[in-house]
1. For helix 153-163, what angle does its Cα long axis make with the longest principal axis of the chain, in degrees from 0 to 90 and rounded to 10?
2. Would you please give the residues with an amide H less than 5 Å from that of V147, counting only those at least 5 places away or on a separate chain, with H modeled from the backbone geometry?
3. Pull up all non-local amide H partners of I95: gap of 5 or more, or a different chain, and H-to-H distance under 5 Å with H placed in the peptide plane.
4. Amide H of T209: which non-local residues (sequence gap of 5 or more, or other chain) have their own amide H closer than 5 Å, using H built in the peptide plane?
5. Over the chain, with a Gaussian network built from C-alpha contacts below 10 Å, which listed residue (R78, R111, R132) shows the highest mean-square fluctuation?
6. Between the stretch 156-218 and the stretch 66-108, what is the separation of their alpha carbon centroids in Å?
7. Enter the angle in degrees (range 0 to 90, nearest 10) between the Cα long axis of helix 218-229 and the first principal axis of the Cα atoms of the chain, meaning the one along which they spread out most.
8. Using 16 Å as the cut-off for backbone N distance, which residues of the stretch 36-50 belong to the label zone defined by a point 7 Å from the Cα of Q70 along Cα→Cβ?
Amino acid sequence: MDRYVVIGNPISHSLSPEIHAAFASQGAEAIAYSTLLVPAGEFAAYARKFFDEGGKGANITLPFKVDAFQFAQETSPRARLAGAANFLANRGGVIAADNTDGLGLVADLTRNLGVQLRGARVLILGAGGAVRGVVAPLLEMAPARLVIANRTVAKAQELAMQFQTLGAIEAVPLAAIPAGGFDVVVNATSSSTRGEALDIPAHVIARGTLAYDMAYGPSARAFLDRAGAAGARTSDGLGMLVEQAAESFRLWHGRTPQTAPVLAALRRRFP
Ligand code: ATR
């Protein structure tokens, strides 16, 4: 059986093994997909061992996406734009990196949530690793406006500079998010995971906004509950997780799996 893993730290609660098992059960792929806990600083050694022993592919989550990108011998344009990889494939002994996070977010917003990104006013909260992977795919959808707001504004400015050739992108501090309304507000900060408050002006989220948190489960609640109370439509990032997995599955196996039944089944557990 071909072996796949998701690498991270922590990793025990990852849903990726069951998502990939569900995709495989829709077709004829015989795969073993498990979790691999890697200690800080040990990514390359563990990944090398996994691939040397015949491992076919890996997904990579926090905090190793930059390590995975640097580990690979080949990198896709998407991974290079992000400077980070959530996907590695063993292609005849050559380890190739890709990044399917941005496509996962765009697919969830457009297909699952019915958002029209072309011409939309989009706000991203945060400027860390989670954002780096999604800026280029979002700009590709030609939004009317893409604003990156971050507590440390220099990090938002750095991202805006890096991606300026791909489309109009603005960088602002969290406290100075422009008024005028956003169609989509994506929370990509780690504030709630850290149990901290996210200090944004009240005008940011209004009726008619889709408030989206890249996290799912309890970590997404603080932002989404507040947005819901302000009259916004809300979504956690469970669909993004399933869609990025589907793109990983397609890259490995050459078949696009059905995401809707897998997402619906997970949704019953993460309402
Ligand atoms: P990740 O890879 O998950 O994005 P990261 O690179 O550590 O992790 O980035 C975390 C993001 O959450 C950053 O944008 C961070 O803001 P700073 O750049 O100012 O640190 C943001 N963040 C974390 N805690 C926050 C809080 N309490 N309020 C606002 N932003 C927060």
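The values are calculated or read from the model by the stated rules, or taken from the named source; none is laboratory data. This one's a predicted model, so the numbers in the text were calculated from it and none came from an experiment. For neighbour counting, all protein chains shown are included, and Cβ atoms are generated from backbone atoms with ideal geometry for every residue, glycine included. All accessible areas refer to the heavy atoms of the entire protein, side chains included, with ligands and DNA or RNA removed. Shrake-Rupley method; radii C 1.70, N 1.55, O 1.52, S 1.80 Å.
1. 60
2. Hits under the 5 Å cutoff: V122, L123, I124, E170.
3. Placed amide hydrogens put Q73, E74 under 5 Å from I95.
4. Residues meeting the amide H criterion: R233.
5. Per the Cα network of the chain with a 10 Å cutoff, R111 tops the list.
6. Their Cα centres are 24 Å away from one another.
7. 30
8. 39-48
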